Amino acid sequence: MKSELIKFLFFSTIILLIPFVIGDGYLLNVMVFVGIHTMLAVALNLLLGYAGQISLGHAGFFGMGAYLSAILTTTYGFNPWFVMPAAAVIVGTLAFIIGLPILKLKGHYLAMATLGLGIIFYITFNESVEMTGGPSGFSSIPNLKIGSFVFDSDLKNYYLIWLFTLIIVLLAVNLASSRIGRALRAVHDSEVAARVAGVNSRLLKVQIFAMSAVVSSIAGSLYAHTMTFISPASFGFNFSVELLTMVVIGGLASVYGSFLGAALLTLLPEFLRAAHDYDIIIYGALLVVMVMFMPGGLVRGIPDLYRKIILRKGAVDNA
Amino acid sequence: MSLGVFRRGIMLFDQILQYVLSGISTGAIYALIGIGFSIIYNATGIINFAQGEFVMLGGMFTLFFLETAKLPIWAAAPTAILASTVIGLLFERLAIRPLKHPTPINLVIITIGGSILIRGLSMLVWGKDTHSLPPFSGENPIHIYGATILPQHLWIICITAVIIVLNKFYFYHTISGKAMRACSYNRRAAGLVGIDVRRMVLFSFIISSGMGAVAGIIVAPLTMTAYDVGVMLGLKGFCAAILGGMSSGITTVVGGLILGVLESLGAGLISSGYKDAIAFIILLLILFVRPQGLFGKADSERV
Amino acid sequence: MNKILMSLLLITVMLAGCTKKSDGPIKIGALFAVTGPAAFLGEPERNTAQMVIDDINKSGGIKGRKLELIAYDTAGDATKAVQLATKLIKDDKVVAIIGPSTTGESMAVIPVVEKEKVPMISCSAGIKITDPVKKWVFKTAQNDTLAVGRIYEYLQKHKQSKVSILSVSDGFGASGREQLKSQAAAFGITILSDETYGPKDTDMTTQLTKVRGLNPDAIICWGTNPGPAVVAKNASQLGIKTPLYMSHGVSSKKFIELAGEAAEGIRLPSGKVIVAETLPASDPQKQSLISFVNEYKKKYKVEGDHFGGHAWDAVMLLKGAIEAGATSADAIRNQLEQTKQFHGIGGTFSYSDKDHAGLGQDAFVLVEVKKNNWALVQ
C-alpha cells in the first residue's frame, strides 16, 4: 500500500508540474483532454480490465452526464456544482438498473448488448432536438466557477480537471489493491469459482458497472463546462471504440496504464497530423498489433521488451 | 362517412403492405449477413465484427472491376466475390490465427481493429464518395396491390433463397460441411477424429466473407455503396443472427426477416428518426429475455 | 573611398535586414473537415483555399508579402476543431481563420475566437453562426434561411401550400428543418408532416409511403448525398408524382449521377456556380464564377463546386482586407466588416457591423434537373 501511495504522489507531482514545462499553448489544451480521457479510461478499465466485462457503449454514459449538466445548467439555470453530482447519481442509478439484466450476458453477447445500448443513447441525444439541440449541438454552456473565479482558460481548466482525475486515480488504485479488487479479479478469472468462494459476483459486476458509469458521467459534466458546446457526434460508437483502444493499449487492469493509453491516443493524432488521411488506418493497425503482440498493453509490454532485448532475459510472467 | 373510413382503411392496408414488403427485402440482406456471422461463430466461437466490411467490399470491388477494369457485370461480380474472399482469408491468416490468447476481449478488439483497418484502406484506395451500381434488370417498379417493389428486391430474395439452399446442402451433405458442423459442436472431439480444425476455421472465414460480398453486390444497386456502408449493416446482420440463435440455416433467415419488417413497421407507424433504435431495442430485449434466439435451445456452459 | 564603400556596405546590410523582416509570410489558418462525414465539404474547401493562395503567391503576394495557409483537418469533429483552433492561434500565430466546414464545429470554435480575438470566416451554413452577430465571426456560406426562402417563394407563386418535410438527422438537415418550420407561416405554407432519416440510411420507402398517404403539394427533402438520391429513387419506385424539392446540399453533378433518371424534374435552390455558363452576361458574379470553375477543373480534374466556393470567397475576402492595409488580426477584422459589394462565388457580399453574413436573396437561384443537367428555373 505504501508503494502505491508513493507511486501516486510521484504521478501527481508530475501532472501538477506539467503546465510549467509546456507553457500555455496548444499542448496545454490537449493535456486538458488527456485528463478527461484518463478519467474515462480508468472508469472503463475497472470494468474491463479488472472485472473482465466488455462494454462498447461507455460513450453513452459520458454523453448522458454531459447533456444532463448542459441542459440543467443552461436551460433551467441550476447551479453546475449541484447538477454534476445529481447527474452522476441519475446516470449511476440508470446504469445499475440496466446492468442487472445486461451483465447476465457474457463475452460477445455482452459486447453487442452494450454496443446496442450506446447506440440507443446516441440516437436519443440526436433525435430529442427540443431538449438537446439535436445534431446541431448544444451551445452556451456556462463555465464552472467558484464565486467570481471562472474556469475559462486552459490553465484553470487543466488544474480543475486533473484534480478530479487524480482523485479518481487514487480511488481506483485503492480499490484495485483492496478486497474488492481481488474479488473483481476472481470474477474475471472464473465467475463460478468466485461464487463458490462466496463472492456475490452478479451484484459486484453490476456495482462496478454503475460506478464506472458514475465516473463517466462526471467526466461528461466537466467536458460540457470546459468545451461550452457539445454535440451527439462526440458520444457515439466511434468514441466508445477509442476508449476501448486506450484501455487495451495502455494495459488492462492497470490504472496508470489507462493514463498511458489515454495520453498516447490523444497525443498521437498530433504527431500524425501530416498524414491525416492515414490516421484511421494506423488506429486500426495499432489495435490489431497490440492485441497480437502485446496483449498486456504497453504498461507491461515495454518492460517485457526491455528485458527481452536489452537484458536478453526471458519475459517476466505477469499474473 | 363509412366510405371515408373504408378508403382510409384501404390506404392504411396499402401502407402497411408497403412497409412489410420493404422490410422483407431489407430483412433478406440482414439474413445473409447474419448467416455469415453464424458460420464463423459456429466453427470458431468468434464473432467477427468485421463481417459488415465484407459486405462493403463486395459492392466496392464490383464497382472497381466494372469501371476501372471495364469488365462486364457477369464477370465483375464473381471476381469481386473472389477478391473479398481473398481479403477474408488474409484476415484470418494474419489477424486471427496467430492470436496467442484468444479471449473474447482480445477477439472483439482484434476484429474491431481489423474492420477499422479494412475500412480505412478502402477509403484510401477508393475515396470517400458514394457510388451507384446499375441494377441487374432495370428499375421498373412492380405493383402488388397498392404497394410497389423493384426488380432488384426480387433478385435479393431469390439469391438469398438460393444461398440458403446451397448452405444447407454444403453443411449437411458434404464431408467438409459436416466436418465444420462437428467443429461447432465440440472442437476437441472433432480434432480427435482427424478433422483439421484450423483448416475449418479458414474455410468458415472464406465462406462468410464470400457470402457477405454477395450480400453487398445484390444490395448495392438499391442502396449505393461507399467505404463505410459496412458498419450499420454488420450490426443489423448480427441482430438477425442473434434472433435466429446463431444458426446458419432457416432460423437466421426468419430472424432477419422479422428484424427487417419490425424495423420498417416501427419507422412507418411510430417514428422514422428512432428507426435504428428500434432494431437495437429488439436486440437488447432478445438478449435479456431469450439469448438463445427465438428458436434455439438454452445453452449450457461448462465450468 | 574606403569610407564611402563602408557606408554603402552598411546601408546595403541594413536594407537587407529590413526587407527580411517584411518578407515574413502572413499566416492564415484554416479548419476543414477533409476526412470524416463532412469530407464532401472539407476536401473541396481545402483544395480551393490552397489553390487561391498559391495563385496569389505566384503573382507576388499582397504588397510583396506572401500568404501562408496552415490548414488542419478536423474530421468534422467539434472537439478537434476547438483543439486545432487553439493550436492555430497560440502556436501558429495566425491572423485569421477560415472555416470550419460544419455548423456544429463553427459553434464550438466561436467561444475560442471571441476570447482570443482572432477573426474567423466560417464556411458553414447555420444561421446561428452570425445571428446574433459576434464581433469576430463572419461567414461566406449562404444561410439556410435564404435557401428555404427561395423554395417557399416559388411554391407561394404557384399557389402550392401543403408541404411534407423529409430531413436528415445531422447538423445540416436539422438546421434546414428548423428553417422550413419557422418560415412556413410567412409564406402561407402548411406543413403536413415532418419525417427524418439517418445519414447512413439506405431505404426511405417507409417515410415516403407515409407522406404519399397525406397527399401534399410538394415534398421537400433536406440533406446531403447520398440520402436525397435514395429518396429520389424511392419516390420514383413508389410512383410518387408530387413535385420533389431538394436543398442546396445536393447542388452538384454527383446527385444527378447517383439518382439517375429519378432526378429529372427535381428543383432546388443553389448557388449560381452550377449554372455559371448559362447566366446572362450582365450577372456581376459571372466572371468570378467561370474563372473559379475552370481553374479548379484544371488543377483538380473535377469542376469547382458550391462548397469549394465558400473557401474561395473567404480567401478573396481576406485578400481584400489585407490589400487595404490590414495585417494584424484586429485590423483584418475591421477591414472585413467594411467589405461592400464583393462579387464572389456564393453571391455578392456586403458586411456591416450588424451583418456578418453579408448575402442577400440573390445568393440563391432556383435550378431544375433537365436532361441530366442543371438548368435555371425562370
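The values are calculated or read from the model by the stated rules, or taken from the named source; none is laboratory data. Here the structure is a predicted model, which means the values were calculated and not measured. Backbone-built Cβ (ideal geometry, glycine too); neighbour counts: all protein chains shown.
Mind checking which residues of segment C:341-370 are in a loop (DSSP other than H, G, I, E, B) and of a type in the set (A, V, I, L, M)?
C:345, C:357, C:359
Can you confirm whether residue B:119 is buried (at least 20 other Cβ atoms within 10 Å of the Cβ) and at negative phi?
yes
If we keep just the residues of segment C:145-169 that are aliphatic (A, V, I, L, M) and under 22 Å from the mean Cα position of the chain (by Cα), which is farthest from the other protein chains (Cβ to nearest Cβ)?
That would be C:151.
Among the residues of segment C:124-144, are any modelled with pLDDT of 90 or more, within 13 Å of another protein chain (Cβ to nearest Cβ), surrounded by fewer than 22 Cβ atoms within 10 Å (Cβ to Cβ) and assigned to a helix (DSSP H, G or I)?
Within segment C:124-144, none of the residues are modelled with pLDDT of 90 or more, within 13 Å of another protein chain (Cβ to nearest Cβ), surrounded by fewer than 22 Cβ atoms within 10 Å (Cβ to Cβ) and assigned to a helix (DSSP H, G or I).
Residue check: is residue A:99 surrounded by 20 or more Cβ atoms within 10 Å (Cβ to Cβ), within 26 Å of residue A:127 (Cβ to Cβ), more than 11 Å from chain B (Cβ to nearest Cβ) and in contact with a Ser or Thr (Cβ under 9 Å, 6 or more places away or on another chain)?
no
What is the residue count in segment B:38-74 for residues that are crowded, with 21+ Cβ neighbours inside 10 Å, part of a helix (DSSP H, G or I) and of a type in the set (S, T, N, Q)?
4
Being loosely packed, with under 13 Cβ neighbours inside 10 Å and within 17 Å of residue A:49 (Cα to Cα) is the filter here, so list the residues in segment A:184-202 that pass it.
Answer for segment A:184-202, where residues must be loosely packed, with under 13 Cβ neighbours inside 10 Å and within 17 Å of residue A:49 (Cα to Cα): just A:189.
Given the residues A:216, A:177, which is the only one that is of a type in the set (Gly, Ala, Ser), surrounded by 15 or more Cβ atoms within 10 Å (Cβ to Cβ) and under 23 Å from the mean Cα position of the chain (by Cα)?
Exactly one residue qualifies, and that residue is A:216.
Can you pull out the residues in segment A:104-119 that are among the hydroxyl-bearing types (Ser, Thr, Tyr) and either in a loop (DSSP other than H, G, I, E, B) or more than 7 Å from every other protein chain (Cβ to nearest Cβ) (or both)?
Selection gives A:114 alone.
Restricting attention to segment B:236-268, which residues are surrounded by fewer than 24 Cβ atoms within 10 Å (Cβ to Cβ), of a type in the set (A, V, I, L, M, F, W, C) and within 14 Å of chain C (Cβ to nearest Cβ)?
Scanning segment B:236-268 gives B:261, B:262, B:265.
Have a look at C:187, C:172 and point out the one that is among the aromatic types (Phe, Trp, Tyr), more than 10 Å from chain B (Cβ to nearest Cβ) and more than 22 Å from the chain's Cα centre (by Cα).
C:187
I'd like the residue in segment C:269-303 that is over 16 Å from the mean Cα position of the chain (by Cα), more than 14 Å from chain B (Cβ to nearest Cβ) and aliphatic (A, V, I, L, M) and, out of all such residues, is surrounded by the most Cβ atoms within 10 Å (Cβ to Cβ).
So, considering only residues that are over 16 Å from the mean Cα position of the chain (by Cα), more than 14 Å from chain B (Cβ to nearest Cβ) and aliphatic (A, V, I, L, M), the one surrounded by the most Cβ atoms within 10 Å (Cβ to Cβ) is C:276.
Inside segment C:192-234, can you point out the residues that are facing chain B (nearest Cβ under 8 Å), out of contact with any Lys or Arg (no Cβ under 6 Å at 6 or more places or on another chain), closer than 25 Å to residue B:129 by Cβ and among the polar types (S, T, N, Q)?
C:196, C:202, C:205, C:207
Identify all residues within segment B:98-110 that are assigned to a helix (DSSP H, G or I) and either within 7 Å of another protein chain (Cβ to nearest Cβ) or in contact with a Ser or Thr (Cβ under 6 Å, 6 or more places away or on another chain) (or both); write none if there are none.
Residues satisfying the conditions are B:104, B:105, B:106, B:108, B:109, B:110.
In segment B:111-122, what residues are among the hydrophobic types (A, V, I, L, M, F, W, C), facing another protein chain (nearest Cβ under 7 Å) and under 20 Å from the mean Cα position of the chain (by Cα)?
B:112, B:116, B:117
From the list A:272, A:244, A:287, A:252, exactly one residue is at pLDDT 85 or above, in contact with a helix residue (DSSP H, G or I) (Cβ under 9 Å, 6 or more places away or on another chain) and not charged (D, E, K, R). Which is it?
A:244
Have a look at B:77, B:147 and point out the one that is more than 14 Å from chain A (Cβ to nearest Cβ), buried (at least 21 other Cβ atoms within 10 Å of the Cβ), in contact with a helix residue (DSSP H, G or I) (Cβ under 7 Å, 6 or more places away or on another chain) and at pLDDT below 80.
After ruling out the rest, the residue left standing is B:147.
Just one of the numbered conditions (1) assigned to a helix (DSSP H, G or I); (2) more than 23 Å from residue B:57 (Cα to Cα); (3) within 14 Å of another protein chain (Cβ to nearest Cβ); (4) touching a Ser or Thr at 6+ places or on another chain (Cβ under 8 Å) is not true of residue B:278; which one?
In the conditions (1) assigned to a helix (DSSP H, G or I); (2) more than 23 Å from residue B:57 (Cα to Cα); (3) within 14 Å of another protein chain (Cβ to nearest Cβ); (4) touching a Ser or Thr at 6+ places or on another chain (Cβ under 8 Å), residue B:278 misses (4) alone.
Please determine whether any residue of segment A:140-148 is in contact with a helix residue (DSSP H, G or I) (Cβ under 9 Å, 6 or more places away or on another chain), surrounded by fewer than 23 Cβ atoms within 10 Å (Cβ to Cβ) and more than 20 Å from residue A:67 (Cβ to Cβ).
yes
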